[in-house]
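Participant: Take a look at this one; I'll ask things after.
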Amino acid sequence: MAAPKKAKPLEVAGDLEPMLTRLKLTAIRDQLDTLLDQAGRAELNLREALAMLCAAEVARKDERRIQMGMSIAKFPYVRTLEGFEYDAQPSVDPKQIRELATSRWVANGDSVLLLGPPGVGKTHLAVALGREAIVRGYSTLFVPATALVTQLARAHAEGRLEEKLLHFAKPKLLVVDELGYLPFEANAAHLFFQLVSRRYERGSMLVTSNRSVAEWGGVFGDAVVATAILDRLLHHSHVITIRGDSYRLRTKRRAGLVNQASANTEATTN
Ligand code: ADP
Ligand code: MG
């Protein structure tokens, strides 16, 4: 019987680095020696080694995607759920926030209303929940309410309203911050209504406000428009009402630097 043929050595197809560049596997390319070294030391078989290389690439791609999503979102500052002290705000239910952090509400197109006086962490939670949504792959845009209506009104005046509505309707999650700090003009309320209807049951909205829902008629300057907006926002919604003291003033007050009266003055002006 003839001896079994020896396997022919594979032809080397080319240089690895240019191929990795062409395939855009830049994490593998940049850490190639280290990764191969690790695989060797861990005595991984080929399949395991390939999985390890792919995991490095996937981690880099995720990181880039998240970074890009964060910069597109235009958050005013970096705040995370890990950085939120529940002890300082007992009216916030950690379980409810943990549930919202899964972003299931974004997947379902629900809305979140974060209501409460200034300084209690509404914007902090809004940014943190926005970040969680981005990490889970949902496009997110943050916009202060006044900037939103200013942009819509200008676009309306310039005959570009449709384009602007599309811009704000596109992200899977739109965070509208500080609704109610300034009352809307009648035209602005109507433009906001158009945006809310455009997004209704398609994308999620997270709205923060220092006004209770009952006061929104005054904010919009028109009870009918306010009802129509609330109708859509509250349909599939999670309403979180935060009570309590401003976090910003808490430490100062503790140190006796401000008394309750001046704390209240600051609270109404920030
Ligand atoms: P507002 O309710 O007015 O939007 P912010 O969310 O902007 O208040 O909170 C004011 C400041 O206090 C921010 O820097 C925020 O990060 C911080 N802050 C508020 N509440 C908390 C909290 N419970 N834990 C940690 N930081 C908080
Ligand atoms: Mg705020």
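The values are calculated or read from the model by the stated rules, or taken from the named source; none is laboratory data. Since we're looking at a predicted model, the values are computed, not measured. No Cβ is skipped: glycine too gets one built from the backbone with ideal geometry, and neighbour counts run over all protein chains shown.
Participant: Looking only at residues in the stretch 95-104 that are surrounded by fewer than 21 Cβ atoms within 10 Å (Cβ to Cβ) and of a type outside the set (Ser, Thr, Tyr), which one is nearest to ligand 1 (Cβ to nearest atom)?
Facilitator: The selected residue is Ile97.
Participant: Scan Val213, Val239 and give me the residue that is closer than 30 Å to Asp87 by Cα, among the aliphatic types (A, V, I, L, M) and within 16 Å of ligand 1 (Cβ to nearest atom).
Facilitator: Within the list Val213, Val239, the selection yields Val239.
Participant: Filter the stretch 127-151 for residues that are under 13 Å from Leu179 (Cα atoms) and either touching a strand residue (DSSP E or B) at 6+ places or on another chain (Cβ under 8 Å) or in contact (Cβ under 8 Å) with a residue 60 or more places away in the chain (or both) and give the result.
Facilitator: Phe142, Val143, Pro144, Ala145, Thr146, Leu148
Participant: Still on this structure: Which numbered condition trips up Glu82, out of (1) in contact with a Leu (Cβ under 8 Å, 6 or more places away or on another chain); (2) away from ligand 2 (no atom under 16 Å from the Cβ)?
Facilitator: The single condition Glu82 does not satisfy is (1).
Participant: Quick one: is Ala49 touching a helix residue (DSSP H, G or I) at 6+ places or on another chain (Cβ under 9 Å), within 16 Å of ligand 2 (Cβ to nearest atom), more than 23 Å from Ile229 (Cβ to Cβ) and in a helix (DSSP H, G or I)?
Facilitator: On the way: touching a helix residue (DSSP H, G or I) at 6+ places or on another chain (Cβ under 9 Å): yes; within 16 Å of ligand 2 (Cβ to nearest atom): no; more than 23 Å from Ile229 (Cβ to Cβ): yes; in a helix (DSSP H, G or I): yes.
No, not satisfied.
Participant: So which residues in the stretch 65-90 are of a type in the set (S, T, N, Q), loosely packed, with under 13 Cβ neighbours inside 10 Å and within 13 Å of ligand 1 (Cβ to nearest atom)? Please lay out each step first, then the result.
Facilitator: Our first condition is that a residue be of a type in the set (S, T, N, Q); within the stretch 65-90, this holds for 67, 71, 80, 89.
Subset that is loosely packed, with under 13 Cβ neighbours inside 10 Å: 67, 71, 80.
Correct list: Thr80 only.
Participant: Within the set of pairs 6+ apart or on separate chains, which have a first residue in the stretch 88-116 that is of a type in the set (Val, Ile, Thr), a second that is in a loop (DSSP other than H, G, I, E, B) and surrounded by fewer than 17 Cβ atoms within 10 Å (Cβ to Cβ), and C-beta atoms under 7 Å apart?
Facilitator: Val92/Tyr86
Participant: Hey, another quick one. Got a number for residues in the stretch 137-179 being among the charged types (D, E, K, R), surrounded by 16 or more Cβ atoms within 10 Å (Cβ to Cβ) and more than 16 Å from ligand 2 (Cβ to nearest atom)? Spell out the reasoning first.
Facilitator: If we filter the stretch 137-179 for residues that are among the charged types (D, E, K, R), which is where we start, we get 154, 158, 160, 162-164, 170, 172, 177-178.
Subset that is surrounded by 16 or more Cβ atoms within 10 Å (Cβ to Cβ): 164, 172, 177-178.
Next, from what is left, pick out any that are more than 16 Å from ligand 2 (Cβ to nearest atom): 164, 172.
Residues flagged as among the charged types (D, E, K, R), surrounded by 16 or more Cβ atoms within 10 Å (Cβ to Cβ) and more than 16 Å from ligand 2 (Cβ to nearest atom) within the stretch 137-179 amount to 2.
Participant: Would you mention how many residues in the stretch 181-210 are more than 19 Å from Leu141 (Cα to Cα) and either within 16 Å of ligand 1 (Cβ to nearest atom) or at pLDDT 95 or above (or both)?
Facilitator: Selection size over the stretch 181-210: 3.
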